[in-house]
Every structure is written in structure tokens, then in C-alpha cells.
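Quick note: the coordinates plus some simple rules give every number you see, no bench work behind them. Here the structure is a predicted model, which means the values were calculated and not measured. Note that we place each Cβ from the backbone using ideal geometry, even for glycine, and neighbour counts take in every protein chain shown.
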Amino acid sequence: MIDSHAHLADQAFEGDLDAVVARARAVPLAGILCIVDPSDEDEARRASGVLALWDAIRTTSGVHPHRAAAFAAAPDAAAQLADARLAADPLVRAVGEVGLDYHYDFAPRAAQRAVFAAQIGLAVDRRLPLVVHTRDADDDTIALLRGEGGGRARGVFHCFSGGADLARRALDLGFHLSFSGIVSFPKAGAVREAAALVPLDRILVETDCPYLAPVPHRGTRNEPARVRDVVRALADIRGEDPETVAAATAANYRELFAP
Ligand SMILES: [Zn+2]
Ligand SMILES: [Zn+2]
């Protein structure tokens, strides 16, 4: 079992990170992908401490759409920043999380699109997978991945919150889908419908911690150990054994992000 998306370098874990990682290892998890935004200097600094804690932790580099406004005048600078972290840390396995968030709209949409496009180009150039964040922006996300990626972009739609239609379009593009604790939320019927149709060799699991604690922990700080609740919920939806889902999602993670 592997948590394919955890913000372990978030401030929320500063006080007890070693205990959080120890609980993950006790589950046992076989790995964690720690998401890092190089434009957040505090987070990037904390990330080296996270990676030193356990040799099964890998990391990413990408400017989040929420932070795209700072790069509105020079979107390529976001890709250059992400690239500098790639070059500096051999444990970086993906460009992300990058994408579009039209739900919160924390940055102007034109800036989000330009910053996302530049980082799709980086991922293709460096032959790395993308960790894609998309919210209420299905059409633009698919169009940019197809256009900028030129058929060579691959990766994962993380914390999948769309329905069956977006799931099919992402799968058609060759992408994987990663599911979080959202699959256990009462109102997430459309997400469960999507989770049921994804082929077993294209599915990943994640916590997106410290956010999105699954039922029955909703509203508390989430952590990687709880990816086991996501696996259980997903297995239930798909009518598969939790062991099958745990093994397949771990194998898919390794294939996508390399060991
Ligand atoms: Zn996200
Ligand atoms: Zn995230």
C-alpha cells in the first residue's frame, strides 16, 4: 500500500512528523509521495527533513494552480523553478501538483493555464509523469494536456473528484486516476461511479493529507496511515478484496513513478 499524494512538508506536520511516518510504516505502507511546491520556500526547506526520515519517501516538484498569480507575467519562470528542484534532488519523481482550479479561483484563470502549460512542457521534456490537480476545469485541463503534451504527457489525475465522463476522458489520454477519502463521503456518488469503472491497472490511492480525512476520521488532520481506509472504501465500491486493491495500486504507483 502506497500513499501517492501527501503534503508531508506542510506546516501541519511540523511538530510530530516522525510519529506520523512511524504510523505509516506500521500499517505497513511501502512508500509515500511527498508533494512539494518549489515556489513555497518554507515547504521546500521542510521537504529535505521529510525525505531524510524514511528512504521509501519520494517527492515531486511543481507550482500549484493556487500560486500561479505570482507567475502571471512570466509563466516560464514557474517551470524553471520546478526544473531547478528536479535537477537538485534525485528523489523527485514527478512534475506536480500542477493544473487548474476554477473552484477556488485563487489565481486568474489565464495565469493558471499559462503556468500549467509551461509545466506540462517541462514534464514532457524531462520524461516525467505529471501529478494533475483539476477542479471545475475539466475541458481546459483535458485540452491543455492534449495540446501541450502532444500525446506524450502521462501521469495521474490526483484526488479525483469528477464523474464518469471525466474519468473516461482522462483514461483515453493514457492517464491514471488517484482516489482519496472523498470516495467515502456520503455525497460523492459521482466519484464512486468513476471509481467503479477505472481498470485495475490504472488506479492509485492517496490521502492528500493533511486534508480530506476519510470517514470515520472526517474533519481531523489526515495522515498517510489512513490510506488504508481509502483502500477499504475503494475495494467495497469495486467489489474487490482490499488486498487486491492495495497490491494493484502499489504496482501502478511503481510503474508510473519508478521505484
Ligand atoms: Zn490537489
Ligand atoms: Zn495536494
Problem set entry | Nearest-0.05 FRET efficiency for TYR211 and GLU243, computed from C-beta distance (R0 41 Å) | 0.95
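Quick one: TYR104, TYR253, TYR211, fewest Cβ neighbours within 10 Å first, how do they rank?
Placing the least packed residue first, the sequence is TYR104, TYR211, TYR253.
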For this session: For ALA190 paired with ALA30, estimate the spin-label separation in nm (one decimal), with each label point 7 Å from Cα along the Cα-to-Cβ line.
Result: 3.4 nm
Problem set entry | Footprinting exposure proxy for GLU243, GLU193 (fewest neighbouring C-beta atoms within 10 Å first) | GLU243, GLU193
Seminar exercise, completed: Full extension between ARG23 and ALA52 adds, at 0.36 nm per residue less the Cα distance, a length in nm of 8.8 nm
Seminar exercise, completed: Amide H proximity to THR60 below 5 Å, modelled H, separation 5+ or other chain, gives CYS34, VAL36, ARG93
Exercise. Where is the GNM fluctuation largest for the chain (alpha-carbon springs, 10 angstrom cutoff): LEU33, LEU204, LEU144?
Worked result: LEU144
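Output the direction-averaged projected area (hull surface divided by four) of the convex hull of the alpha-carbon atoms of the chain, in nm². Before the final figure, lay out each step's value.
Working: hull surface 47.9 nm².
Orientation-averaged projected area of the Cα hull: 12.0 nm².
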For this session: Have a look at ARG58, ARG154, ARG45 and tell me which one the Gaussian network model of the chain (Cα, springs below 10 Å) gives the largest fluctuation.
Result: ARG45
Seminar exercise, completed: Nearest-0.05 FRET efficiency for ALA164 and ALA251 at R0 = 30 Å, using Cβ-Cβ distance, is 0.80
For this session: Grab the DSSP H runs of the chain that are 4 residues or longer, score each as -39,500 (n - 2.57), total them, divide by all residues and round the 222 nm result to the nearest 500 deg cm²/dmol.
Result: -13500 deg cm²/dmol
